[in-house]
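Trainee: I have a structure here, written as structure tokens, and I will follow up with some questions on it.
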Amino acid sequence: MSNEKTYKNKYFGTDGFRGEAGVTLTAEHAYKIGRFAGHYFSRGAENGRARVCIGKDTRRSSYMLEYAMAAGLAASGADAYLVHVTTTPSISYITKQRGFDLGVMITASHNPFYDNGIKLIDANGEKLGDATAALIEKYIDGEADEVPFASGAGVGAVHDFAEGRGEYAAYLTTLAEYSLEKMKIGLDMANGAAFSVAGDVFTALGAKVYTLGDCPDGMNINLSCGSTHIDALASLVREKKLDVGFAFDGDGDRCIAVDENGNTVDGDAIMYIIAKRMAAKGKLAHGTLAATVMSNSGFFESLAREGIGCVQTAVGDRFVYEKMKECGYSLGGEQSGHIIFSDYASTGDGILTAIMLANVLCESRSPLSELASGITLYPQYTKNVRVKDKDAAASDAEVKKAVARAEKLINKKGRVLLRKSGTEPVLRIMAEAETEEKCREYAEEIAKVIEERGYYA
């Protein structure tokens, strides 16, 4: 059982307020968040008027939530700046660089189109703290004083700020150390936010770009594409004989790579490759990086063989960044492809990750398959179980016994992790063992006990 920190906020989890659009996350929620945030952040703002930038992914409901949020902000006397369709890391960058009091990203990341979410980013470009989120929740539930409406000249304005996305794209191009003019690169934008940025960035860097998932229709985000559905990109890389492929998620903060043979290179392998390069150049602060408990055991062992340290955190790029900030690390991330380069960003950034990996390919003049061959990963299987009550299911005595039985059978030749999703009513069962068959067997047995105990939703 992982030892991860659990947040008890009612609406805001480890990655913002997420739910089914129009059901558990409504336009009224967005309006109320805007109402409270506009009033709260205007109190300490210059001229008493907060400036808030808002981005969104391509979900149909993102437009509804964007306009409701902007209306709430303006009604409380704050100015809203609409960046339109853009990535989560771009809002983090813009908020900090342009001196906004708050950043808002409307997205449910890798979830299906019918879900959505609201991420709040503070003036430093970091995820908003739990204390402020708790105040917003009280207002949503009518447990706080009503916020006054602005009137007359005090009413906020809503501005078009699409230029912010261009500023972010320009910044990314400055981080490439080499021209990519001799590279053929595949990009899978997941029919999400990355489609508005990634293609332009890699084209500007000189690469010959082949794209997938770049025709969003409001309902096809993450649908059989992107970082959680890698097969289409792998086929494209093999068919077109590309040098590398990069797949992003719905809001562009993840990156999973595909080597020249169409094999997946996940977040662990990407971090391993980049950590080796940074260490060789003396740029890996303290010779250590941060990763979550979900990273593969082979990843930690492979880093140790290279003399590179790694500290483990709870699952979520939020916790990775907190550890990086606390200890001064320059690299950290997750197996899922959330990778943070603290010298350049304060959140996971899929496009930045792709650029950094492309830098290594150019410098080494080696194919990605060769660079990834140094890491040995153990078979791993994760089963997601949708449950009625995450806390009750995870703490159930019979479920705990099932986990203990699996760990005994593994006999130190792998491990089992049972953890609660921070954004969904889901328990994740992760098993590592000597073979994929055993991984699946152990995870399915635990899932069966969860079902028998009546926790399945």
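Trainee: Return P(r) of segment 175-372 (all Cα-Cα pairs; 5 Å bins starting at 0; whole %; ordered from short to long distances).
Mentor: Here the calculated profile for segment 175-372 is 1, 9, 18, 21, 22, 15, 10, 4, 1, 0.
Trainee: To continue, here is another question. So how do 429-440, 301-312 stack up, highest first, on mean other-Cβ count within 10 Å?
Mentor: Highest to lowest by the protection proxy: 429-440, 301-312.
Trainee: For segment 12-162, place one equal point scatterer on every Cα, skip the solvent, and apply the Debye formula. What is log10 of I(q)/I(0) at q = 0.16 Å⁻¹?
Mentor: Results for segment 12-162 at q = 0.16 Å⁻¹ read -0.77.
Trainee: From the gyration tensor of the Cα coordinates in segment 380-452, what semi-axes in whole Å does the equivalent ellipsoid have, largest first, with each one equal to sqrt(5λ)?
Mentor: 20, 13, 10
Trainee: Binned at 5 Å from 0, what are the whole-percent values of the Cα-Cα distance distribution for segment 159-221, short to long?
Mentor: 4, 18, 23, 22, 19, 9, 4, 1, 0
Trainee: Testing the spin-label approximation: label points 7 Å from Cα along Cα→Cβ at MET219 and ALA134. State their distance in nm.
Mentor: So the two model labels end up 4.2 nm from each other.
Trainee: Here's something else I'd like to know. How many Lys pairs in segment 1-158 lie less than 17 angstrom apart by Cα atoms, where the lysines are 8 or more positions apart or on different chains?
Mentor: For segment 1-158, qualifying lysine pairs total 15.
Trainee: Taking the mean number of other Cβ atoms within 10 Å as a proxy for protection, how do you rank 233-241, 319-327 from highest to lowest?
Mentor: Top of the packing list down: 319-327, 233-241.
Trainee: Could you pull out every one of the aspartates and glutamates with an alpha carbon less than 13 Å from that of LYS208, ignoring same-chain neighbours closer than 8 positions?
Mentor: Hits, sequence-local ones excluded: GLU181, ASP200, ASP243.
Trainee: A follow-up question, please. Viscosity 0.890 mPa s, temperature 25 °C: give me the Stokes-Einstein translational D for segment 256-343 in µm²/s, with Rh taken as the Kirkwood radius over C-alpha pairs.
Mentor: 193 µm²/s
Trainee: Can you give me the long-range amide H partners of LEU102? Hydrogens built in the peptide plane at 1.01 Å from N, cutoff under 5 Å, separation of 5 or more residues or another chain.
Mentor: Close amide H contacts, sequence-distant or interchain: ARG51, CYS53.
All of the numbers you see were taken from the coordinates with simple rules; none came from a lab. The structure presented is a predicted model; accordingly, all values stated were derived computationally and were not measured. Ideal geometry is used to build each Cβ from the backbone, glycine not excepted, and the neighbour counts take in all protein chains shown.
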